[in-house]
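A quick write-up on the structure given underneath.
Taken together, the values in this text are just the output of simple stated rules run on the coordinates, not laboratory data. Please read all numbers here as calculations on a predicted model, not as lab measurements. As a convention, Cβ positions derive from the backbone with ideal geometry for all residues, glycine included, and neighbour counts pool all protein chains shown.
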Amino acid sequence: MRLPSGYFSPQWLYYNGRLWHHPTVRLHEGEVVYFSPESQSIAEKVEGLLSPCWGNMHTHLELSHLRGGIGKGLGMIDFLARMGLTRGQASAAEIRAALTEAFQEGTCAFISHQNSPLPPAAILEGTFVQAVGEFFGLRKGGVRRWHAMRRLGYPLTPHSFYALSKVLLRRARRRSAYPLSIHFYESWEERLWLDSGRGPFLRFFQHFVRRPHPVRWQTHLRRLHHRVPAIWLVHATEAPATLMERLFQRFPRLYVILCPEANYHLFRRLPPLHFWQRYVHRLMLGTDSLANSPSLSLWPVVRRLWMAGWRWESILRACVDTPRSWIKPSPFWTVVAPLGTQAEILPDTKSRLFLRDGDKNEEHSGSL
């Protein structure tokens, strides 16, 4: 499979942070080497919207074997219980199949939380996969988990502010050259715990420690912010709008990763999408795992946001521009087609990897 080269005139092009109508772009192995805002006769016409490939900034590839295995609307506690000890048991073939499906729909880069090694055979050629070692634990055994993650050689991140012992909280505050990716206000159970120290999490945590106490997450966030290049808060489904406004004002290197399809699967509830569009410059997009999401492709997320009234520029900034600060995928392109005359999504609109005619029949697992 070859990166696209040639002159192209798409119906719409996302380039330099805006949408262009019938421009001309010359690509050389996927890189833009010429751009004109006007359509030129030399260019091959492309139906639909052409965008640099998308980045899925939050998933758990090690849970790819759980596709369809955990019911909808369970909430966080039941989801954690049903996931249980199966974490990390996805085979290389299952992970590779999930990546292939997403890649074919134009999602080419992935950030994966790992509690186990990511098999090299699982990584699809042409994709960018950054594994981060996720650690958690309220018992003393959590320190062993931290050491195991450290030996993997991945950048480390705490799972959340609520699932760490005092020892792990101190280790989480160490300096890091890579952003921290932290689950935050993901569920109503978590919100009750973080806000007032009550709710189902209290009983759940008593299985691990006799007297659980809510963590002072504001203090830890302030300390972390000075020691890492950025903090990514994942989900924020139940985060109050006034709280997020204060956090964005106070912490300039704070970002949120939305995973609306996963949130709806577990909680029958979406993040406040109209609110988040106001802060698109601080957003990225993810899917979470196949245990609670239909695929690792961002296409269902993109479609969800467009149906919620988001402008294309806002959607594509969140899955193209902001992620490029932290990832460098191969320069593939994504096509969304067919579209209406005003770039509206139609019932049969889909996304796919952009390939020249000569490339379409080649295997996605082939060499670049």
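Expressed to the nearest 5 percent, the antiparallel share of DSSP beta bridges inside the chain is 40 percent. In terms of the mean number of neighbouring beta-carbon atoms within 10 Å, the peptides 119-130, 65-76, 46-57, 209-220 order highest first as 46-57, 119-130, 65-76, 209-220.
If only the Cβ of Lys and Arg carry +1 and only the Cβ of Asp and Glu carry -1, the dipole of region 54-329 around its Cα centre is close to 1520 debye. Here's the picture: a label point sits 7 Å out from the Cα of residue 39 along the beta-carbon direction, and within region 315-351 the residues with their amide nitrogen under 17 Å of it are 336-344. Principal-axis analysis of the Cα atoms of the chain puts helix 142-152 at an angle of about 30° to the longest axis.
With a simple spin-label model that places each label point 7 Å from the Cα along the Cα-to-Cβ direction, the separation between residue 32 and residue 311 comes to 1.7 nm.
Just want the answer: with Cβ charges of +1 for Lys and Arg and -1 for Asp and Glu, which residue in 234, 306, 217 is farthest toward the dipole's positive end in the chain? Checking the options against the dipole of the chain, the answer is 217. Between residue 211 and residue 328, the modelled labels are 5.2 nm apart [label points 7 Å from Cα along Cα→Cβ]. The slack between residue 250 and residue 77, meaning 0.36 nm per residue of separation minus the straight C-alpha distance, is 59.1 nm. Computed 3J(HN,Hα) for region 301-309, one whole-Hz value per residue from the Karplus formula 6.51 cos²θ - 1.76 cosθ + 1.60 where θ = phi - 60°, is 5, 4, 4, 4, 5, 5, 5, 7, x, glycine and proline marked x. In this structure, the amide hydrogen of residue 257, modeled 1.01 Å from its nitrogen in the peptide plane, lies closer than 5 angstrom to those of 233, 234, 235, 284, counting only residues at least 5 positions away or on a different chain. Each residue of region 30-36 was assigned a 3J(HN,Hα) from its phi angle through the Karplus curve 6.51 cos²θ - 1.76 cosθ + 1.60 (θ = phi - 60°); the sequence is x, 8, 6, 10, 7, 9, 9 Hz, with glycine and proline shown as x. Between region 251-271 and region 183-248, the alpha-carbon centres lie 14 Å apart.
Taking the chain as a whole, which cysteines find no other cysteine Cβ under 4.7 angstrom from their Cβ? Result for the chain is 259, 319, no neighbouring Cys Cβ within the cutoff. Distance between the 7 Å Cα→Cβ label points at residue 243 and residue 196: 1.3 nm. Under the criterion of Cα pairs below 8 Å and six or more residues apart, the relative contact order for region 172-307 equals 23 percent.
Give the relative contact order (percent, whole number) for the chain; include only Cα pairs under 8 Å separated by 6+ residues. 24 percent. Computed extension length for residue 151-residue 273: 40.1 nm, one decimal, from 0.36 nm per residue of separation with the Cα-Cα distance subtracted. Within the straight-line cut-off of under 22 Å between alpha carbons, the lysines reachable from residue 140 are 166, sequence neighbours fewer than 8 places apart in one chain being disregarded. Each residue of region 157-168 was assigned a 3J(HN,Hα) from its phi angle through the Karplus curve 6.51 cos²θ - 1.76 cosθ + 1.60 (θ = phi - 60°); the sequence is 8, x, 4, 6, 7, 9, 10, 10, 6, 4, 5, 5 Hz, with glycine and proline shown as x. What FRET efficiency, computed as 1/(1 + (r/R0)^6) with R0 = 25 Å and r the Cβ-Cβ distance, is obtained for residue 144 and residue 93, rounded to the nearest 0.05? E(calc), rounded to 0.05, equals 0.30. Taking the C-alpha atoms only, the angle from helix 92-104 to the longest principal axis of the chain is near 40 degrees.
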